[in-house]
1. Across the range A:1-12, what is the number of residues that are within 16 Å of the chain's Cα centre (by Cα) and either closer than 29 Å to C:Gly307 by Cβ or without any contact (Cβ under 8 Å) to a residue 40 or more places away in the chain (or both)?
2. Just name the residue that is nearest to the other protein chains (Cβ to nearest Cβ) out of those in the range B:13-64 that are of a type in the set (Ser, Thr, Tyr), within 29 Å of C:Thr34 (Cα to Cα) and in contact (Cβ under 8 Å) with a residue 60 or more places away in the chain.
3. I'm told B:Lys158 meets every condition in (1) outside the structural domain of B:Arg230 (by TED's automatic domain parsing); (2) over 15 Å from the mean Cα position of the chain (by Cα); (3) surrounded by fewer than 21 Cβ atoms within 10 Å (Cβ to Cβ) except one. Can you identify the failing condition by its number?
4. Of the numbered conditions (1) within 11 Å of chain C (Cβ to nearest Cβ); (2) touching a helix residue (DSSP H, G or I) at 6+ places or on another chain (Cβ under 8 Å), A:Glu229 fails exactly one; give the number of that condition.
5. Please specify each residue of the range B:65-82 satisfying the condition of being more than 9 Å from chain A (Cβ to nearest Cβ), modelled with pLDDT under 95 and part of a helix (DSSP H, G or I).
6. Checking the structure you have, find out if any residue of the range A:32-41 is part of a loop (DSSP other than H, G, I, E, B), in the same structural domain as A:Ala112 (by TED's automatic domain parsing) and of a type in the set (Ser, Thr, Tyr).
7. Here are the criteria: (1) within 14 Å of chain B (Cβ to nearest Cβ); (2) of a type in the set (D, E, K, R); (3) buried (at least 21 other Cβ atoms within 10 Å of the Cβ). Tell me which single one C:Arg172 does not satisfy.
8. Check A:Ala243, A:Ala295, A:Ala279 and return the single one that is surrounded by 14 or more Cβ atoms within 10 Å (Cβ to Cβ) and either assigned by TED's automatic domain parsing to the domain that holds A:Lys38 or under 30 Å from A:Trp3 (Cβ atoms) (or both).
Amino acid sequence: MPWTKKDLLGLEKLTAEEITIILDTAKAFSQIATRSIKKVPALQGKTVVNLFFEPSTRTRVSFEVAEKRLSADIVNVNIAASSVTKGETLLDTVKNLCAYRIDAIVVRHSCAGVPHYLAENIEPSIVNAGDGMHEHPTQALLDIYTLREKFGDLKGLKVAIVGDISHSRVARSNIWGLQKLGAKVTVVGPSTLMPREIEKMGEGVEVSYDLPATLKKVDAVNMLRIQREREQQVQFPSLREYARYFGLSTKLIDQTPESLIVMHPGPINRGVELSGTVADGPRSVILQQVTNGLAVRMAVLFLVTGGTKISEE
Amino acid sequence: MPWTKKDLLGLEKLTAEEITIILDTAKAFSQIATRSIKKVPALQGKTVVNLFFEPSTRTRVSFEVAEKRLSADIVNVNIAASSVTKGETLLDTVKNLCAYRIDAIVVRHSCAGVPHYLAENIEPSIVNAGDGMHEHPTQALLDIYTLREKFGDLKGLKVAIVGDISHSRVARSNIWGLQKLGAKVTVVGPSTLMPREIEKMGEGVEVSYDLPATLKKVDAVNMLRIQREREQQVQFPSLREYARYFGLSTKLIDQTPESLIVMHPGPINRGVELSGTVADGPRSVILQQVTNGLAVRMAVLFLVTGGTKISEE
Amino acid sequence: MPWTKKDLLGLEKLTAEEITIILDTAKAFSQIATRSIKKVPALQGKTVVNLFFEPSTRTRVSFEVAEKRLSADIVNVNIAASSVTKGETLLDTVKNLCAYRIDAIVVRHSCAGVPHYLAENIEPSIVNAGDGMHEHPTQALLDIYTLREKFGDLKGLKVAIVGDISHSRVARSNIWGLQKLGAKVTVVGPSTLMPREIEKMGEGVEVSYDLPATLKKVDAVNMLRIQREREQQVQFPSLREYARYFGLSTKLIDQTPESLIVMHPGPINRGVELSGTVADGPRSVILQQVTNGLAVRMAVLFLVTGGTKISEE
């Protein structure tokens, strides 16, 4: 089955087959980073705009490296210093970019739904690089890619996602994607940071407030990043208290099955979500996730812009 | 006749023949955006610096895409974070760039005359991307290109330019360019925003304070952007009052000849200079202007750096 | 003898032979800027990250042009808007970049030793683009390149370095590099800006507080940039007083041997370190230094990433 979608907006609306096409394509692209010439002409002569309405180094750099390795022409538009502040509407800004006959826009925005709105109104492909608290599909895809790399088939795999589930687009995309591929998800966190209707996200989702107990039963744990800025807020425990109940300490990891792997979307708050020893330890696949993110983003950009076969050049 | 100038500083000093060379070259380049590989090797191995002393997204992105499609090597220098703030003179900053044997500098500066001053003192080509309230030649060229695309020959064509004529480098460049090609220009705006000596800009320039009457007599209208920041200033009416007398409403457009086309240099203040319905309506060529801007900027960069024949590759 | 080091961290630990390899390679690269296609495929398919924790236009642009002329893929990471501010450690930030299998990082940081720390902990090559008050090796290499271009062999050459020696990484790298190649260095400046143990930097280093006397005895003078921000500080004389005793005025230059050449790392404070007439005069090699900086940086990037022979293409 070939890929048919113009955009990658989220995992909620993708089928298991579509997710698998992306993962398989990423697998093929993962070889490129190991060559001495780390580049293919797949997107040569195509123009990709990275349109970031929220500051981001990690995700922007990951997409930018992916685009360069695909030989695309790239324009970065950081919207802090842009026309939006001059009263122009979002759609006018984007339609202007489209007037250059660009091929794809990678967009990050603090409002949920922006990529979907754009995708309906413009011709170029839209890749969602994070929209509000809604989805961050390429992050979830690289998480899933990493799990598949470690465990093969995801059917029946048990994954815990730990942290501020309420505000996390990473959690949301992971929950949708993992379930579609047959994995079971346990979300863990303080009750104040647990969305009320979380279990409605699917039969494969369980809630737990007990991290040590959960860790004994799962194959992988994804420790979400805590936004330190939230510490001021009422529903949030102190960082120290958070770390005590929901952080992955060296002591705690020693009580888990040896096969458990530890993931984190980065950037890490060492000593909050997990101890430095755990982050750098043998269970951690955190840097492997980053490497896989590059292959996944190359695959997504390749597929949405109409690529079907990976060049052997 | 071949192009002979090292720089593009403004339209005031160009001949009709020179403007026509740019427009014809742009026509040839306009095809590139429709190809699957949107790129020619015309500026391969040449270095272009985008030197912006004023923040700009639209114009910078348009030049950047143009440069990439010409295969140039590009360096963006945003001067907010630059040496100028360290007490270095403008000329020292630019001479340093020239020491790398760069081929062209695209410069935007809030002071009129900066591109001319640089052009006299350095070897690389200078392209003026807007100097103070003086000229914005590539904007006027894309406006003229769009008019030529719609109407063919510009001789005798009637064009209205509406808005804050006093502070507009777009108006100034358009007035010079349009007259050279034989068009008649009517400038329309509040008397407080009309430069005193405007009629001295040429025999082809008329002043009007009555937008509805003017619109019945012209072939095209170019609605200038209002700088919202000016609302605080004494000589400026309120935005609401401005829109009432000099904005292009849906009602007003219906009273004009059907052949009238509507232009705007962007970014649009919907509901101020023109209504959203007009901006998106069948008379509007606003996005076509953006597309044409790319071809015009490719042509200008190609010509000033010594290009004569467009590669067919 | 071939180049064997993975990194360029400073001149202190390089041998005369290693410095000579860089200078010879730079000489070969200097030809590229004079071609019509100013580009070689030496780093094609390699990825270089410019990681700047301090704002910089000049050095960043010089490296960026060098990388583009080597056909590298480039990512700029300006750390003001980055993850470091999100509580991530420096090493985590850099290890994330390394996860993309990048080939080199050009790093500038306000803390001395950062490049050395990174070099020990990561696989890609590190090029030090300035670390605190420690070293700025590519600046010193371009200074030395320029001296060699003018005088041939450096053995016995006499070079004065003038200014705020205490806080200058440029001075430090020059002192180490020049001595290794057999030159004699006289450092000149106010006693409050002279490091106490300066003479311990080598037998080839002398201290002087008398600029006019020193200038009569040397072959070249390198006028360091004064950080205007320091004027507020106690140990710093006023700029006017500084210029009077340690600035290179037109009058003073006329009292020196005609063969004396004047260098400056830029950006220049005209009227402080040297008069505008001197900066633009026949003794000044300041812009030649900038041109040479490009060739030196191309050479360094080429060598540390494993290059041995320069492509003739």
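1. Filtering the range A:1-12 for residues within 16 Å of the chain's Cα centre (by Cα) gives A:7-12.
Applying the additional criterion that residues be either closer than 29 Å to C:Gly307 by Cβ or without any contact (Cβ under 8 Å) to a residue 40 or more places away in the chain (or both) yields none.
Residues that pass the stated criteria total 0.
2. The first filter runs over the range B:13-64 and keeps only residues of a type in the set (Ser, Thr, Tyr), leaving B:15, B:20, B:25, B:30, B:34, B:36, B:47, B:56-57, B:59, B:62.
Narrowing further to those that are within 29 Å of C:Thr34 (Cα to Cα): B:25, B:47, B:62.
Restricting the remaining residues to those that are in contact (Cβ under 8 Å) with a residue 60 or more places away in the chain gives B:25, B:62.
On the way: B:Thr25: 18, B:Ser62: 7 Å.
So the residue we want is B:Ser62.
3. (1)
4. (2)
5. Listed by number, the residues that qualify are B:Ile79, B:Ala81.
6. The first filter runs over the range A:32-41 and keeps only residues part of a loop (DSSP other than H, G, I, E, B), leaving A:35-41.
Those left that are additionally in the same structural domain as A:Ala112 (by TED's automatic domain parsing): A:35-41.
Restricting the remaining residues to those that are of a type in the set (Ser, Thr, Tyr) gives A:36.
The answer is yes, given that some residue of the range A:32-41 is part of a loop (DSSP other than H, G, I, E, B), in the same structural domain as A:Ala112 (by TED's automatic domain parsing) and of a type in the set (Ser, Thr, Tyr).
7. The single condition C:Arg172 does not satisfy is (1).
8. On the way: A:Ala243 fails: either assigned by TED's automatic domain parsing to the domain that holds A:Lys38 or under 30 Å from A:Trp3 (Cβ atoms) (or both); A:Ala279 fails: either assigned by TED's automatic domain parsing to the domain that holds A:Lys38 or under 30 Å from A:Trp3 (Cβ atoms) (or both).
One residue alone meets the criteria, A:Ala295.
The values are calculated or read from the model by the stated rules, or taken from the named source; none is laboratory data. Computed from a prediction, not measured in an experiment: that's the story for all the values here. Cβ: placed from backbone, ideal geometry, glycine included. Neighbour counts: every protein chain shown.
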